[in-house]
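Asks: This structure is in C-alpha coordinates; I'll ask about it shortly.
The values are calculated or read from the model by the stated rules, or taken from the named source; none is laboratory data. Because the structure is a prediction, the values reported are computed rather than measured. Backbone-built Cβ (ideal geometry, glycine too); neighbour counts: all protein chains shown. What goes into the accessible areas is simple: the full protein's heavy atoms, side chains included, and nothing from ligands, DNA or RNA. Shrake-Rupley method; radii C 1.70, N 1.55, O 1.52, S 1.80 Å.
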Amino acid sequence: MQTKEKIFKGKTLAILSGGGDTPAINSSIENVRRRALLLGFKVYGIRKGWKGLLGDGDVVDLTNVPYNGAYGGTALRSSRTNPFPTKKNPEDRVPQVMKNLERYKIDTLVTIGGDDTNGAAKRIYEREGIPVIGFPKTIDNDLRTHTMHSYNGEEIEAVLCPGFPSGALCISNMTRHLRSTNESHERIMVLEVMGRDAGWLTGSATFGGAEMALVPEFEMTAERKERFFEEVKKRYAEKKNLIIAVSEGVRWWNDETKELGMVYASSETDEYGHKRFGGVSGVVASEISKRLGVEARAQISGYYPRAGACSDYDRRFTSALADKAMDLILRGEYGKMPVLDHIVAQNGLEEYNMSSIDMGSIGNQPLQAAYYDEQTFTFTDAYVDFLSHVLGAPYWPDFGCTFAKVRP
Ligand code: F6P
(Lines give C-alpha, C1' and ligand atoms only; values in the text may rest on other atoms or scores of the structure.)
Protein backbone atom coordinates (compact mmCIF):
# COMPACT_ATOMS: atom_id res chain seq x y z
CA MET A 1 0.00 0.00 0.00
CA GLN A 2 2.74 2.38 0.99
CA THR A 3 4.83 1.43 -2.06
CA LYS A 4 1.90 2.09 -4.36
CA GLU A 5 1.51 5.61 -3.00
CA LYS A 6 5.12 6.36 -3.69
CA ILE A 7 4.85 5.56 -7.39
CA PHE A 8 4.04 8.83 -9.11
CA LYS A 9 2.12 7.13 -11.94
CA GLY A 10 0.07 9.63 -13.91
CA LYS A 11 2.04 12.53 -12.46
CA THR A 12 4.30 14.87 -14.35
CA LEU A 13 7.63 16.34 -13.34
CA ALA A 14 8.96 19.22 -15.41
CA ILE A 15 12.51 20.55 -15.54
CA LEU A 16 13.67 24.01 -16.58
CA SER A 17 17.09 25.65 -16.74
CA GLY A 18 17.62 29.39 -16.60
CA GLY A 19 20.46 31.91 -16.52
CA GLY A 20 23.98 31.50 -17.93
CA ASP A 21 24.67 27.96 -19.05
CA THR A 22 27.36 25.68 -17.60
CA PRO A 23 28.92 22.41 -18.77
CA ALA A 24 26.92 20.55 -16.10
CA ILE A 25 23.29 21.44 -16.89
CA ASN A 26 22.60 18.60 -19.32
CA SER A 27 24.09 16.24 -16.76
CA SER A 28 21.70 17.59 -14.10
CA ILE A 29 18.74 17.22 -16.46
CA GLU A 30 19.76 13.68 -17.40
CA ASN A 31 20.15 12.63 -13.77
CA VAL A 32 16.88 14.18 -12.58
CA ARG A 33 15.02 12.78 -15.60
CA ARG A 34 16.31 9.25 -15.13
CA ARG A 35 15.39 9.11 -11.45
CA ALA A 36 11.98 10.70 -12.02
CA LEU A 37 11.22 8.04 -14.65
CA LEU A 38 12.10 5.32 -12.14
CA LEU A 39 9.62 6.85 -9.70
CA GLY A 40 6.91 6.64 -12.35
CA PHE A 41 6.74 10.30 -13.41
CA LYS A 42 6.17 11.45 -16.95
CA VAL A 43 9.02 13.97 -17.54
CA TYR A 44 8.67 17.24 -19.40
CA GLY A 45 11.30 19.82 -20.28
CA ILE A 46 10.39 23.50 -20.24
CA ARG A 47 12.35 25.35 -22.89
CA LYS A 48 14.29 28.56 -22.24
CA GLY A 49 13.83 28.83 -18.50
CA TRP A 50 10.83 30.75 -17.18
CA LYS A 51 10.14 31.93 -20.73
CA GLY A 52 8.79 28.44 -21.55
CA LEU A 53 6.01 28.93 -19.01
CA LEU A 54 4.79 32.23 -20.44
CA GLY A 55 2.13 32.72 -23.12
CA ASP A 56 1.09 29.37 -24.56
CA GLY A 57 4.13 27.71 -23.01
CA ASP A 58 7.02 25.91 -24.69
CA VAL A 59 7.15 22.42 -23.25
CA VAL A 60 8.69 19.21 -24.65
CA ASP A 61 8.32 15.58 -23.63
CA LEU A 62 11.55 14.01 -22.32
CA THR A 63 9.94 10.75 -21.19
CA ASN A 64 10.82 8.47 -24.07
CA VAL A 65 13.85 10.07 -25.70
CA PRO A 66 17.51 9.50 -24.86
CA TYR A 67 19.18 12.43 -23.12
CA ASN A 68 22.91 13.16 -23.39
CA GLY A 69 24.19 14.51 -20.09
CA ALA A 70 27.90 14.39 -20.94
CA TYR A 71 27.63 17.12 -23.57
CA GLY A 72 27.83 20.56 -21.94
CA GLY A 73 25.27 23.36 -21.97
CA THR A 74 21.53 22.78 -21.87
CA ALA A 75 19.56 21.08 -24.61
CA LEU A 76 16.45 22.69 -23.10
CA ARG A 77 18.04 26.07 -23.86
CA SER A 78 18.17 28.92 -21.40
CA SER A 79 17.08 32.53 -20.94
CA ARG A 80 17.32 35.20 -18.29
CA THR A 81 13.54 35.69 -18.22
CA ASN A 82 12.22 36.95 -14.91
CA PRO A 83 8.47 36.31 -14.39
CA PHE A 84 8.28 39.04 -11.72
CA PRO A 85 7.88 42.72 -12.60
CA THR A 86 11.20 44.35 -13.44
CA LYS A 87 12.34 47.76 -14.63
CA LYS A 88 12.69 46.32 -18.12
CA ASN A 89 9.33 44.56 -18.00
CA PRO A 90 6.88 45.89 -15.37
CA GLU A 91 4.26 43.19 -16.02
CA ASP A 92 3.75 40.52 -13.35
CA ARG A 93 3.93 37.33 -15.40
CA VAL A 94 3.64 34.89 -12.51
CA PRO A 95 -0.10 34.35 -13.30
CA GLN A 96 0.99 33.10 -16.76
CA VAL A 97 3.42 30.68 -15.10
CA MET A 98 0.67 29.43 -12.80
CA LYS A 99 -1.78 29.03 -15.66
CA ASN A 100 0.69 26.97 -17.69
CA LEU A 101 1.62 24.74 -14.76
CA GLU A 102 -2.08 23.94 -14.59
CA ARG A 103 -2.63 23.61 -18.36
CA TYR A 104 0.27 21.19 -18.76
CA LYS A 105 -0.74 19.38 -15.55
CA ILE A 106 2.73 19.76 -14.03
CA ASP A 107 2.77 18.30 -10.52
CA THR A 108 6.42 18.91 -9.65
CA LEU A 109 8.80 21.50 -11.00
CA VAL A 110 12.61 21.30 -10.83
CA THR A 111 14.33 24.62 -11.54
CA ILE A 112 18.00 24.39 -12.44
CA GLY A 113 19.55 27.78 -11.87
CA GLY A 114 21.63 30.22 -9.90
CA ASP A 115 20.29 32.87 -7.56
CA ASP A 116 18.23 34.58 -10.29
CA THR A 117 16.28 31.54 -11.55
CA ASN A 118 16.05 29.89 -8.14
CA GLY A 119 15.38 33.23 -6.47
CA ALA A 120 12.31 33.57 -8.73
CA ALA A 121 11.35 29.94 -7.96
CA LYS A 122 11.60 30.71 -4.27
CA ARG A 123 9.34 33.77 -4.62
CA ILE A 124 6.73 31.81 -6.60
CA TYR A 125 6.91 29.02 -4.04
CA GLU A 126 6.36 31.49 -1.20
CA ARG A 127 3.55 33.31 -2.99
CA GLU A 128 1.75 30.45 -4.71
CA GLY A 129 2.98 27.33 -2.90
CA ILE A 130 3.97 25.46 -6.07
CA PRO A 131 5.68 22.06 -5.56
CA VAL A 132 9.16 23.14 -6.60
CA ILE A 133 12.65 21.81 -5.99
CA GLY A 134 15.55 24.15 -6.77
CA PHE A 135 18.67 22.61 -8.30
CA PRO A 136 21.92 24.60 -8.03
CA LYS A 137 24.05 25.60 -11.01
CA THR A 138 26.57 28.33 -11.74
CA ILE A 139 30.13 28.69 -12.94
CA ASP A 140 30.34 31.79 -10.70
CA ASN A 141 29.90 29.55 -7.61
CA ASP A 142 28.26 32.43 -5.79
CA LEU A 143 25.00 30.70 -4.83
CA ARG A 144 24.99 30.09 -1.10
CA THR A 145 24.94 26.32 -0.44
CA HIS A 146 26.03 26.22 3.24
CA THR A 147 28.74 23.71 2.28
CA MET A 148 31.41 23.39 4.94
CA HIS A 149 35.12 23.02 4.27
CA SER A 150 37.28 21.57 7.05
CA TYR A 151 40.74 23.05 6.90
CA ASN A 152 43.45 22.90 9.57
CA GLY A 153 40.88 22.39 12.32
CA GLU A 154 38.78 25.30 11.07
CA GLU A 155 35.30 25.08 9.52
CA ILE A 156 34.97 27.50 6.60
CA GLU A 157 31.65 28.12 4.91
CA ALA A 158 32.41 27.41 1.27
CA VAL A 159 30.19 27.03 -1.78
CA LEU A 160 30.08 24.28 -4.36
CA CYS A 161 27.61 24.39 -7.23
CA PRO A 162 27.51 22.11 -10.28
CA GLY A 163 29.15 23.86 -13.21
CA PHE A 164 31.88 25.42 -11.12
CA PRO A 165 34.05 22.25 -11.08
CA SER A 166 33.94 22.06 -14.91
CA GLY A 167 34.53 25.81 -15.28
CA ALA A 168 37.38 25.77 -12.77
CA LEU A 169 39.02 22.89 -14.65
CA CYS A 170 38.87 24.93 -17.89
CA ILE A 171 40.36 28.07 -16.32
CA SER A 172 43.07 26.08 -14.60
CA ASN A 173 44.02 24.34 -17.88
CA MET A 174 43.87 27.57 -19.87
CA THR A 175 46.20 29.33 -17.42
CA ARG A 176 48.66 26.43 -17.53
CA HIS A 177 48.55 26.56 -21.32
CA LEU A 178 49.40 30.26 -21.35
CA ARG A 179 52.52 29.79 -19.28
CA SER A 180 54.88 28.78 -22.09
CA THR A 181 54.13 31.73 -24.36
CA ASN A 182 54.26 34.07 -21.41
CA GLU A 183 57.62 32.70 -20.30
CA SER A 184 59.01 32.89 -23.86
CA HIS A 185 58.29 36.59 -24.06
CA GLU A 186 58.95 37.42 -20.42
CA ARG A 187 55.61 39.16 -20.26
CA ILE A 188 52.93 39.87 -17.76
CA MET A 189 49.70 38.23 -18.84
CA VAL A 190 46.47 39.59 -17.37
CA LEU A 191 43.84 36.88 -17.66
CA GLU A 192 40.25 38.04 -17.26
CA VAL A 193 37.85 35.51 -15.74
CA MET A 194 34.03 35.51 -15.52
CA GLY A 195 32.27 35.25 -12.20
CA ARG A 196 30.30 38.48 -12.02
CA ASP A 197 30.60 39.88 -8.43
CA ALA A 198 32.47 36.91 -6.99
CA GLY A 199 36.07 35.73 -7.29
CA TRP A 200 35.56 31.97 -6.81
CA LEU A 201 36.30 31.08 -10.44
CA THR A 202 39.25 33.47 -10.69
CA GLY A 203 40.94 31.43 -7.96
CA SER A 204 41.05 28.40 -10.23
CA ALA A 205 43.67 30.20 -12.36
CA THR A 206 45.97 29.73 -9.36
CA PHE A 207 45.82 26.00 -10.08
CA GLY A 208 47.25 26.55 -13.53
CA GLY A 209 49.98 28.81 -12.22
CA ALA A 210 48.65 32.37 -12.01
CA GLU A 211 50.90 34.02 -9.44
CA MET A 212 48.50 36.83 -8.50
CA ALA A 213 44.80 37.59 -8.68
CA LEU A 214 42.36 40.47 -8.31
CA VAL A 215 38.83 39.71 -7.14
CA PRO A 216 35.61 41.78 -6.92
CA GLU A 217 35.38 41.27 -3.15
CA PHE A 218 38.29 43.72 -2.74
CA GLU A 219 37.91 47.05 -4.51
CA MET A 220 41.07 48.31 -6.16
CA THR A 221 41.09 51.70 -4.48
CA ALA A 222 43.88 54.22 -5.19
CA GLU A 223 45.81 52.97 -2.14
CA ARG A 224 45.35 49.28 -2.95
CA LYS A 225 46.35 49.91 -6.57
CA GLU A 226 49.66 51.40 -5.43
CA ARG A 227 50.35 48.33 -3.31
CA PHE A 228 49.38 46.12 -6.22
CA PHE A 229 51.89 47.75 -8.58
CA GLU A 230 54.61 47.42 -5.95
CA GLU A 231 53.85 43.72 -5.56
CA VAL A 232 53.80 43.17 -9.34
CA LYS A 233 57.13 44.97 -9.68
CA LYS A 234 58.70 42.84 -6.95
CA ARG A 235 57.42 39.55 -8.31
CA TYR A 236 58.31 40.37 -11.91
CA ALA A 237 61.86 41.28 -10.90
CA GLU A 238 62.20 37.84 -9.29
CA LYS A 239 60.60 35.68 -11.96
CA LYS A 240 60.61 37.67 -15.21
CA ASN A 241 57.12 36.57 -16.15
CA LEU A 242 53.79 36.65 -14.36
CA ILE A 243 50.21 35.62 -14.89
CA ILE A 244 47.68 37.78 -13.06
CA ALA A 245 44.10 36.53 -13.03
CA VAL A 246 41.54 39.32 -12.86
CA SER A 247 37.83 38.91 -12.16
CA GLU A 248 35.64 40.57 -14.76
CA GLY A 249 33.76 42.40 -11.99
CA VAL A 250 36.73 44.02 -10.25
CA ARG A 251 36.25 47.66 -9.25
CA TRP A 252 39.27 49.58 -10.46
CA TRP A 253 40.32 53.11 -9.49
CA ASN A 254 40.39 55.46 -12.45
CA ASP A 255 43.29 57.89 -12.01
CA GLU A 256 41.67 60.47 -14.30
CA THR A 257 38.07 60.52 -13.07
CA LYS A 258 39.17 59.74 -9.49
CA GLU A 259 36.41 57.17 -9.23
CA LEU A 260 36.10 53.44 -8.68
CA GLY A 261 34.35 51.68 -11.50
CA MET A 262 33.75 48.45 -13.31
CA VAL A 263 34.39 47.85 -16.98
CA TYR A 264 31.37 46.83 -19.04
CA ALA A 265 31.15 45.32 -22.50
CA SER A 266 27.69 46.82 -22.91
CA SER A 267 25.39 49.15 -21.01
CA GLU A 268 22.39 46.90 -21.69
CA THR A 269 20.87 45.14 -18.69
CA ASP A 270 19.13 41.78 -18.55
CA GLU A 271 15.78 41.15 -16.82
CA TYR A 272 17.52 40.68 -13.48
CA GLY A 273 19.24 44.05 -13.81
CA HIS A 274 22.75 42.77 -14.67
CA LYS A 275 25.00 44.59 -17.10
CA ARG A 276 27.52 42.62 -19.16
CA PHE A 277 31.13 42.88 -17.95
CA GLY A 278 34.16 42.80 -20.21
CA GLY A 279 37.47 44.52 -20.71
CA VAL A 280 38.98 45.17 -17.29
CA SER A 281 42.02 43.03 -18.22
CA GLY A 282 42.89 45.54 -20.98
CA VAL A 283 42.78 48.43 -18.52
CA VAL A 284 44.94 46.60 -15.95
CA ALA A 285 47.46 45.42 -18.58
CA SER A 286 47.90 48.86 -20.12
CA GLU A 287 48.40 50.49 -16.71
CA ILE A 288 50.99 47.85 -15.80
CA SER A 289 52.89 48.55 -19.04
CA LYS A 290 52.79 52.29 -18.46
CA ARG A 291 53.70 52.19 -14.78
CA LEU A 292 56.33 49.44 -14.82
CA GLY A 293 57.63 49.57 -18.37
CA VAL A 294 57.07 45.84 -18.80
CA GLU A 295 55.31 44.24 -21.77
CA ALA A 296 51.86 43.22 -20.60
CA ARG A 297 49.07 41.51 -22.51
CA ALA A 298 45.38 41.09 -21.77
CA GLN A 299 43.61 37.82 -22.42
CA ILE A 300 39.87 37.36 -21.87
CA SER A 301 38.88 33.76 -21.08
CA GLY A 302 35.28 34.72 -21.79
CA TYR A 303 32.83 31.87 -22.35
CA TYR A 304 35.51 29.17 -22.38
CA PRO A 305 34.77 27.96 -18.80
CA ARG A 306 31.07 27.75 -19.66
CA ALA A 307 31.66 25.68 -22.77
CA GLY A 308 32.46 22.06 -23.58
CA ALA A 309 31.90 18.76 -21.86
CA CYS A 310 30.86 18.19 -18.26
CA SER A 311 33.81 17.23 -16.04
CA ASP A 312 33.95 13.88 -14.22
CA TYR A 313 33.53 15.67 -10.90
CA ASP A 314 30.37 17.42 -12.11
CA ARG A 315 28.99 14.19 -13.60
CA ARG A 316 29.17 12.51 -10.24
CA PHE A 317 28.13 15.63 -8.32
CA THR A 318 24.93 16.12 -10.36
CA SER A 319 24.14 12.44 -9.93
CA ALA A 320 24.38 12.63 -6.13
CA LEU A 321 22.37 15.87 -6.04
CA ALA A 322 19.67 14.27 -8.22
CA ASP A 323 19.46 11.41 -5.70
CA LYS A 324 18.89 13.97 -2.97
CA ALA A 325 16.33 15.84 -5.07
CA MET A 326 14.34 12.62 -5.47
CA ASP A 327 14.57 12.00 -1.75
CA LEU A 328 13.02 15.43 -1.15
CA ILE A 329 10.26 14.73 -3.67
CA LEU A 330 9.49 11.35 -2.09
CA ARG A 331 9.14 13.05 1.26
CA GLY A 332 7.07 15.88 -0.21
CA GLU A 333 9.62 18.41 1.01
CA TYR A 334 9.15 21.09 -1.62
CA GLY A 335 10.64 24.57 -1.52
CA LYS A 336 14.08 23.06 -0.93
CA MET A 337 17.33 22.77 -2.81
CA PRO A 338 19.76 19.82 -2.57
CA VAL A 339 23.32 20.87 -1.72
CA LEU A 340 26.68 19.35 -0.88
CA ASP A 341 27.10 19.16 2.88
CA HIS A 342 30.91 19.05 3.16
CA ILE A 343 33.60 19.64 0.55
CA VAL A 344 34.73 16.18 -0.59
CA ALA A 345 36.79 14.61 -3.34
CA GLN A 346 35.00 13.00 -6.27
CA ASN A 347 34.77 9.53 -4.73
CA GLY A 348 32.95 11.01 -1.72
CA LEU A 349 30.12 12.42 -3.82
CA GLU A 350 27.36 10.18 -2.53
CA GLU A 351 23.82 10.96 -1.44
CA TYR A 352 24.72 10.67 2.25
CA ASN A 353 27.04 13.69 1.79
CA MET A 354 24.22 15.76 0.36
CA SER A 355 21.79 17.79 2.41
CA SER A 356 19.17 20.38 1.58
CA ILE A 357 18.47 24.01 2.33
CA ASP A 358 15.22 25.97 2.32
CA MET A 359 14.88 27.96 -0.87
CA GLY A 360 14.01 30.86 1.43
CA SER A 361 17.68 31.03 2.37
CA ILE A 362 18.93 31.18 -1.22
CA GLY A 363 21.24 34.12 -1.77
CA ASN A 364 24.66 35.22 -2.90
CA GLN A 365 27.85 34.17 -1.23
CA PRO A 366 31.00 36.08 -2.10
CA LEU A 367 34.46 34.60 -1.71
CA GLN A 368 35.34 34.02 1.94
CA ALA A 369 38.05 36.22 3.46
CA ALA A 370 39.91 33.02 4.47
CA TYR A 371 40.46 32.21 0.80
CA TYR A 372 42.13 35.39 -0.41
CA ASP A 373 45.00 37.45 0.93
CA GLU A 374 44.41 41.05 -0.10
CA GLN A 375 47.89 42.08 1.14
CA THR A 376 49.68 39.94 -1.43
CA PHE A 377 46.85 39.66 -3.98
CA THR A 378 47.01 35.88 -3.89
CA PHE A 379 44.68 33.01 -3.09
CA THR A 380 45.50 31.38 0.23
CA ASP A 381 46.48 27.81 1.08
CA ALA A 382 42.93 27.35 2.40
CA TYR A 383 41.54 28.07 -1.08
CA VAL A 384 44.09 25.76 -2.70
CA ASP A 385 43.00 23.04 -0.27
CA PHE A 386 39.31 23.72 -1.05
CA LEU A 387 39.84 23.44 -4.79
CA SER A 388 42.24 20.50 -4.62
CA HIS A 389 39.32 18.37 -3.44
CA VAL A 390 37.72 19.14 -6.77
CA LEU A 391 40.68 19.41 -9.17
CA GLY A 392 43.42 17.37 -7.50
CA ALA A 393 46.86 18.79 -6.78
CA PRO A 394 47.81 22.07 -8.47
CA TYR A 395 50.44 21.78 -11.18
CA TRP A 396 52.67 24.63 -12.32
CA PRO A 397 55.00 23.58 -15.13
CA ASP A 398 57.78 25.82 -16.45
CA PHE A 399 60.75 25.48 -18.81
CA GLY A 400 62.54 23.78 -15.97
CA CYS A 401 66.09 24.70 -16.96
CA THR A 402 68.53 27.57 -16.72
CA PHE A 403 71.49 28.05 -19.04
CA ALA A 404 74.99 29.10 -18.14
CA LYS A 405 75.94 32.35 -19.81
CA VAL A 406 78.77 32.09 -22.28
CA ARG A 407 81.49 34.72 -22.03
CA PRO A 408 83.36 35.66 -25.19
O1 F6P B 1 26.45 34.14 -14.38
C2 F6P B 1 27.22 33.45 -15.28
C3 F6P B 1 27.94 34.36 -16.20
O4 F6P B 1 28.75 33.57 -17.05
C5 F6P B 1 28.79 35.45 -15.53
O6 F6P B 1 30.01 34.97 -15.06
C7 F6P B 1 28.90 36.45 -16.65
O8 F6P B 1 29.14 37.74 -16.15
C9 F6P B 1 27.56 36.35 -17.30
O10 F6P B 1 27.04 35.08 -17.01
C11 F6P B 1 27.58 36.53 -18.80
O12 F6P B 1 26.27 36.50 -19.24
P13 F6P B 1 25.80 36.34 -20.74
O14 F6P B 1 25.81 34.88 -21.07
O15 F6P B 1 24.42 36.89 -20.72
O16 F6P B 1 26.74 37.11 -21.60
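Asks: Which shape class, rounded, prolate or oblate, goes with the chain when its Cα gyration tensor gives a ≥ b ≥ c as root eigenvalues, a/c under 1.5 marks rounded, and past that a/b bigger than b/c marks prolate?
Replies: prolate
Asks: Next up: Tell me the carbon and sulfur percent of the accessible area for the range 105-184, rounded to whole percent, probe radius 1.4 Å.
Replies: Whole-percent figure for carbon plus sulfur exposure: 44.
Asks: Hey, got the dipole for the range 319-406? About the Cα centre, +1 on K and R Cβ, -1 on D and E Cβ, debye to the nearest 20?
Replies: 200 debye
Asks: Run the dipole for the range 95-187 about the Cα centre, Lys and Arg Cβ at +1, Asp and Glu Cβ at -1, nothing else charged, and hand back the magnitude in debye, nearest 20. The partial results should precede the final answer.
Replies: Numbers: 11 positive and 13 negative charges, 92 e Å.
Here the size comes out at about 440 debye.
Asks: What are the ³J(HN,Hα) couplings of the range 82-87, residue after residue, when phi is run through the Karplus curve with 6.51, -1.76, 1.60 and θ = phi - 60°? Round to Hz, x for glycine and proline.
Replies: Result, rounded to whole Hz: 10, x, 7, x, 10, 4.
Asks: Ignoring everything except DSSP H segments at least 4 long, calculate the 222 nm mean residue ellipticity for the chain; use -39,500 (n - 2.57) per segment, divide by total residues, nearest 500. Could the numbers behind the result be given before it?
Replies: Numbers: 9 runs with 127 residues, N = 408.
The per-residue figure over the chain is -10000 deg cm²/dmol.
Asks: Quick check: residue separation of E230 and H146 times 0.36 nm, minus the Cα distance between them. What number comes out in nm?
Replies: Gain on extension, E230 to H146, equals 26.6 nm.
Asks: In addition: Using a 1.4 angstrom probe on heavy atoms only, work out the carbon and sulfur share of the accessible area of the range 1-80 in %.
Replies: On the way: 1860 of 3690 Å².
So the carbon and sulfur contribution to the accessible surface is 50 percent.
Asks: With a cap of 13 neighbouring Cβ atoms within 10 Å, and only residues DSSP puts in a loop, list the trypsin sites (Lys or Arg not before Pro) found in the range 244-339.
Replies: Listed in order of number, the matching sites are K258.
Asks: Under unit Cβ charges (Lys, Arg +1; Asp, Glu -1), what dipole magnitude, rounded to 20 debye, does the chain have relative to its Cα centre?
Replies: 1200 debye
Asks: Which is farthest toward the positive dipole end of the chain among V215, A75, A369, measuring Cα position about the Cα centre, with Cβ charges +1 (Lys, Arg) and -1 (Asp, Glu)?
Replies: About the Cα centre, the residue reaching furthest to the positive side is A75.
Asks: Which of M98, T202, I133 sits closest to the plus end of the dipole of the chain, meaning its Cα is farthest towards the positive end, when Lys and Arg get +1 and Asp and Glu get -1 on the C-beta?
Replies: M98
Asks: Which of rounded, prolate or oblate describes the range 1-147 when judged by the alpha-carbon gyration tensor and an a/c cut-off of 1.5?
Replies: Oblate, because a/c is 1.5 or more while a/b does not exceed b/c.
Asks: Now a separate question. Of the accessible area of the range 189-268, with the probe set at 1.4 angstrom, what percent is carbon plus sulfur?
Replies: Answer for the range 189-268 is 47 percent, counting heavy atoms of protein chains only.
Asks: Over the chain, with the other protein chains present, what is the accessible area per residue in square angstrom, probe 1.4 angstrom?
Replies: Numbers: 17960 Å² over 408 residues.
The answer is 44 Å² per residue.
Asks: Another question, then. Taking K and R as +1 and D and E as -1, what net charge do the other residues with C-beta under 9 Å from the C-beta of D323 add up to?
Replies: -1
Asks: Using label points projected 7 Å from each Cα along Cα→Cβ, tell me how many nm separate V60 and K275, to one decimal.
Replies: 3.6 nm
Asks: Along its three principal axes, how long is the range 124-238 when you only count alpha carbons? Whole Å, largest extent first please.
Replies: The Cα atoms of the range 124-238 stretch 60, 32, 32 Å along their principal axes.
Asks: How about K6: which aspartates and glutamates have a C-alpha closer than 12 Å to its C-alpha, ignoring those fewer than 8 places off in the same chain?
Replies: Output for K6: D327.
Asks: A follow-up question, please. Given the C-alpha centroids of the range 22-49 and the range 204-274, what is the distance between them in whole angstrom?
Replies: 39 Å
Asks: Hey, another quick one. Past 26 Å, Cα to Cα: identify those pairs from K99/K122; K42/K87; K11/K48, in the order given. Numbers along the way, then the final one.
Replies: Details: K99/K122 18 Å; K42/K87 37 Å; K11/K48 22 Å.
Beyond 26 Å: K42/K87.
Asks: Once the dipole of the range 256-386 is set up with Lys and Arg at +1 and Asp and Glu at -1 on Cβ about the Cα centre, which of I357, M262, A382 lies farthest towards its positive end?
Replies: M262
Asks: By its C-alpha gyration tensor, with a ≥ b ≥ c as the square roots of the eigenvalues, how is the range 149-305 shaped: rounded for a/c under 1.5, else prolate for a/b larger than b/c, else oblate?
Replies: rounded
Asks: Taking just the alpha-carbon atoms of the range 83-162, what radius of gyration and Dmax come out, in angstrom?
Replies: When restricted to Cα atoms, the range 83-162 yields Rg and Dmax of 16.2, 54 Å.
Asks: What FRET efficiency, computed as 1/(1 + (r/R0)^6) with R0 = 30 Å and r the Cβ-Cβ distance, is obtained for Y304 and E126, rounded to the nearest 0.05?
Replies: Once rounded, the FRET efficiency stands at 0.20.
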